[in-house]
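Since the structure comes first, as structure tokens, the remarks are kept for the end.
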Amino acid sequence: MNHVTDELELYSLGALPPIDRARVAAHLAECPACREQARAIDEVVQELPETLPDRDAPGRLRERILASARAELVGDRAPRRDTAWVARLVRPLLAVAAALWLAVGAAAVVGEYQRLSNEVRVAAIERDAAARIVAGIREGGRWWYMGGKDDWAGMGGTLIAPRAEGRPPFVVFHDLKPLADPKQLYTIWLVSADNTWVRGAAFRPDGSDVQAIDVTAAIAGFDRCAVTVEDSAWGRRVGPIVMESRIVPAQP
């Protein structure tokens, strides 16, 4: 029996053409192994919206995701490896380069090929980052959302305490605003009931729509999580609070 594991992600998202969706559905009815994997993927698909507030996806992000999905459906159905999908994108680029070489000359082709290759590289980085976020969310746990305040309204983050042993807490941010000064950093703090502030992470936004940051301190014993803008990765908090949330203790 030929399994359909390479198509389950797009199947769960409803992104397969009708004929392929019907074929996968028929296979799932007969294959317990693929059916169990599809169930696990469905759980992640159902949970992902909870990490972000309701909003329309930016047009460029939506088109990038759809283009990547379409590209993966083109070509052979070889077993998936970590870089197999990149190879399937690169082969069409070589064909395009050959055609353009004849049409417009070597110089123009080199520039266009480099541009397309860079897009593939960026897409690979974004895909890997998204996979790490999904892996953390699949572990389950407790979540707390915090929205941006005042000048930082519109951005936000979800603090996630995974259930899995050894996996540190992390925050999934969305729409982080650029910092005015290149020396500044967003800083995640855990705050106790006696107003002790413990630095959990310091970072700069990378320009992505979604960015995940690990927190280096356990959340047990703290009742608030806050994010500030600081001029240094060290020392006490002095910058403004741009978002914060209560941490509700786990039920005994």
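Each value in this text was obtained by applying a stated rule to the coordinates, not by laboratory testing. Computed from a prediction, not measured in an experiment: that's the story for all the values here. Glycine gets a Cβ as well: all are built from the backbone with ideal geometry, and neighbour counts include every protein chain shown.
Region 167-190 and region 201-252 have their alpha-carbon centroids 7 Å apart. Loop-located trypsin sites (Lys or Arg not before Pro) across region 195-252 with a Cβ neighbour count of 10 or fewer within 10 Å are R236, with loop assigned by DSSP.
If each Cα of region 195-252 is one equal point scatterer, what is log10 of I(q)/I(0) from the Debye formula at q = 0.12, 0.22, 0.26 Å⁻¹? Ignoring solvent entirely, the Cα scatterers give -0.34, -1.06, -1.35. The string of couplings for region 2-10 from the Karplus curve (6.51, -1.76, 1.60, θ = phi - 60°) is 8, 7, 10, 4, 5, 10, 5, 4, 5 Hz, one whole number per residue in order, with x for Gly and Pro. Taking max minus min of the alpha-carbon positions on each principal axis, region 148-252 gives extents of 43, 29, 24 Å, largest first.
Between amide H atoms placed 1.01 Å from N, distances below 5 Å from S232 occur with L185, all of them 5 or more places distant or on a separate chain.
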